[in-house]
Every structure is written in structure tokens, then in C-alpha cells.
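Q: After the C-alpha cells below, expect a handful of questions from me.
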Amino acid sequence: MKPLTHCLAATDLSASGNLAMARAMLLTQALGIPLDVLHVLPQTLVQQVQRWLIGHDPALLERLDQQCHEELSALAERFAEQETPAPGILVRQGEPSEVISREVDARGSDLLVVGAHGSGHLHEAMIGSTPISLLGQVNCPLLIVRQMARTPYRRALIAVDFSPRSAKLLQLAEQIAPQAERILLHALDLPFSGRLQMAGVAESELQGLQDKAEELAKEQFHALTAGLEGQAQRCVIRHGDPSLCILDYTKQHDCDLILLAQQPRHKLSELLLGSTTRHVVYQSQQDVLILRQ
């Protein structure tokens, strides 16, 4: 995976959105890459202003735009370390996920950072639906932030399935969390185990299948991590539903970042419940970094 070269952070100026901005500034300052910070005035709000108020004050939208620009600039100054370049400030109008996706493409961003929640009139739009929508619209890694960025990440859980995406996740973790302990977790979920038991398959046979799967996973871990012995990392195998294994482990071992790869999907499937990515995004209390490629 090529080195990251540009980051875009999107905030709705809520507390959660500003967490994303703070984390993006901490990351880009460490990586030495440029950052643009984006705020989108939702199209529905703009239309209401135009319908109700524009006749009384034609310059109102322009002043709203300027006010957002000033607020973003003040936040950037608050979160910046000394002698670091100021981020670019962008204020746009439209449907948030569409505008964010367009700006990612326009700027060649290879990391997008967003908050997990919104507030006020944006709450319904931003409490998961915008990040989930972005999963179907952008191809760059998406970092969904839930925690205040006081320090670099300390312990990162990397969910691996031993596909080519797993190696890319390790490379991404090296860039995003170079100082963190890295835990590689593989979840073994034997297909139809409950149905096989009901169909009369002996418990010993099921255990034998699980043992073989675990031995194969250990071999794949060895191949995946060859040449990485100098890095702080652990390889962990858990049995069960992948999303539950990820969430349980991060809670028990105080991880502050989860990395996982989202398989390419049909656009409609992004709306369906039940995927590992969706479950982790909704239930995790940690930051979640999702690789789209």
C-alpha cells in the first residue's frame, strides 16, 4: 500500500465532528501530510433559509458560510501543535455524503476522517448513516472517530481474514498507528455449526474441523507476519461471529483503534443490516478505520 499523501476531515461542527478534526490534525502532523477540513451546509437547511429568510436578508447565506469558515479556523488553531501548517478550510453546500465524496475525489485524498455522531438538526443524518453511506461512495480508507485525540493510538486491533486486504491493513496500521501495539485477530466461525449438530454431526467431528481450521489460521498468520518480527504485535484466534469477537476483544484489552477491511459490495447491500463492518461501526466505542480497497 502506498504512503498516505493527503487527508480530508469532515465535521458538522458538533462535538463528535470536532473529535474527527482533532484526530485528523494529530495524524497529519505526525505523518507530515497536508490536511483539508470540510464543513457541509446541508441542502435542506440551505433551502429553508432561501425559502423563509433570503428575501429579508440576501447576504444571510454568505454570512453563514463566513461564520462556518471562522469557526473551523478557530478550531484548527486550537488543535494545532506549534509550527505546524494550518489545514485548508472548506465550506460547501449540498447533501453531506455526496459533497464529502466529491471533495475526496477532487483533492486526491487517501484518508477520510469523520465523526460517528452529529447533533441538533444533523443528528439523524450523522448518527451512522453518513459514515455508512460514505462506505459505498469513497474508495480511500475511512476513519470514524469516537474518542478525543489526546495521544497517538496505543493499541490497535487489526481484523484479518488472510486475503490480500489483510496485508494492506497491516501496512495502513504502520502509517496510522506506528507507536501502537498491534493485535492481529482472526475470527473462526464454522459455517452452519448449529445446523450440523442438529443434522447429527458428532461433537468430536465438529471439534476436529475447528482444530484443523485453527492450525491453518496459525500457518496463515506466520505467512502474513513474515518479516514483521521487530514490530510490537500479537496474533490472536477467536471462535465465533467476527463482529462479536472484535468488539469483545477490544473491550477486554483496552484497544483504542480497530482496523478492518470492507469487502466490495453492491450499492444496495450497504443499506442492509448484519455485516461485520456495520455492526462494528454501530457498536464500537473505539475509533474504527475501514479499508475499502
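Q: Inspect all residues belonging to segment 261-268 and state whether any of them is surrounded by 17 or more Cβ atoms within 10 Å (Cβ to Cβ), under 30 Å from R150 (Cβ atoms) and modelled with pLDDT of 90 or more.
A: Step one: of segment 261-268, the residues surrounded by 17 or more Cβ atoms within 10 Å (Cβ to Cβ) are 261-262.
If we keep only those that are under 30 Å from R150 (Cβ atoms) as well, we get 261-262.
Subset that is modelled with pLDDT of 90 or more: 261.
Yes, there is a match, as at least one residue in segment 261-268 is surrounded by 17 or more Cβ atoms within 10 Å (Cβ to Cβ), under 30 Å from R150 (Cβ atoms) and modelled with pLDDT of 90 or more.
Q: Output the number of residues of segment 26-45 satisfying the condition of being of a type in the set (A, V, I, L, M), surrounded by fewer than 17 Cβ atoms within 10 Å (Cβ to Cβ) and at pLDDT below 90.
A: Residues that pass the stated criteria total 1.
Q: What's the number of the only condition in (1) in a helix (DSSP H, G or I); (2) at pLDDT 80 or above that S204 fails to meet?
A: Failed condition: (2).
Q: Which residue pairs have Cβ atoms under 7 Å apart, sit 6 or more places apart or on different chains, and have a first residue in segment 236-256 that is in contact (Cβ under 8 Å) with a residue 12 or more places away in the chain and a second that is among the acidic types (D, E) and surrounded by fewer than 19 Cβ atoms within 10 Å (Cβ to Cβ)?
A: Listed by first residue and then by second, the contacts come to I237/E214; G240/D189; D241/D189; P242/D189.
Q: Return the residue satisfying two criteria in turn: it lies in segment 164-176 and is among the hydrophobic types (A, V, I, L, M, F, W, C) and either outside the structural domain of A223 (by TED's automatic domain parsing) or more than 17 Å from C235 (Cβ to Cβ) (or both), and of such residues it is surrounded by the most Cβ atoms within 10 Å (Cβ to Cβ).
A: The extreme case among them is L172.
Q: Pick from segment 138-151 the residues that are part of a loop (DSSP other than H, G, I, E, B) and crowded, with 16+ Cβ neighbours inside 10 Å: which of them is nearest to the chain's Cα centre (by Cα)? Break it down stepwise before answering.
A: Filtering segment 138-151 down to residues part of a loop (DSSP other than H, G, I, E, B) leaves 138-141, 146-151.
With the extra rule that they be crowded, with 16+ Cβ neighbours inside 10 Å, the set shrinks to 138, 140-141, 146, 149.
Numbers: V138: 12, C140: 10, P141: 7, R146: 10, A149: 14 Å.
That would be P141.
Q: Is at least one residue of segment 1-8 modelled with pLDDT of 95 or more, out of contact with any helix residue (DSSP H, G or I) (no Cβ under 7 Å at 6 or more places or on another chain) and part of a helix (DSSP H, G or I)?
A: Within segment 1-8 (the criterion being modelled with pLDDT of 95 or more, out of contact with any helix residue (DSSP H, G or I) (no Cβ under 7 Å at 6 or more places or on another chain) and part of a helix (DSSP H, G or I)), the answer is no, since none of the residues qualifies.
Q: Looking for whichever is at pLDDT below 95, within 19 Å of G32 (Cβ to Cβ) and either touching a His at 6+ places or on another chain (Cβ under 6 Å) or outside the structural domain of D287 (by TED's automatic domain parsing) (or both) here; the options are P96, P58, P85. Which one fits? Before you say what the answer is, go through the steps one by one.
A: Working: P96 fails: within 19 Å of G32 (Cβ to Cβ); P58 fails: within 19 Å of G32 (Cβ to Cβ).
Matching residue, one of P96, P58, P85: P85.
Q: Can you report the number of residues in segment 215-232 which are surrounded by 14 or more Cβ atoms within 10 Å (Cβ to Cβ) and at pLDDT 80 or above?
A: Matching residues across segment 215-232 total 5.
The values are calculated or read from the model by the stated rules, or taken from the named source; none is laboratory data. Not measured: the values here are computed from a predicted model. We place every Cβ from the backbone using ideal geometry, glycine too, and count neighbours over all the protein chains shown.
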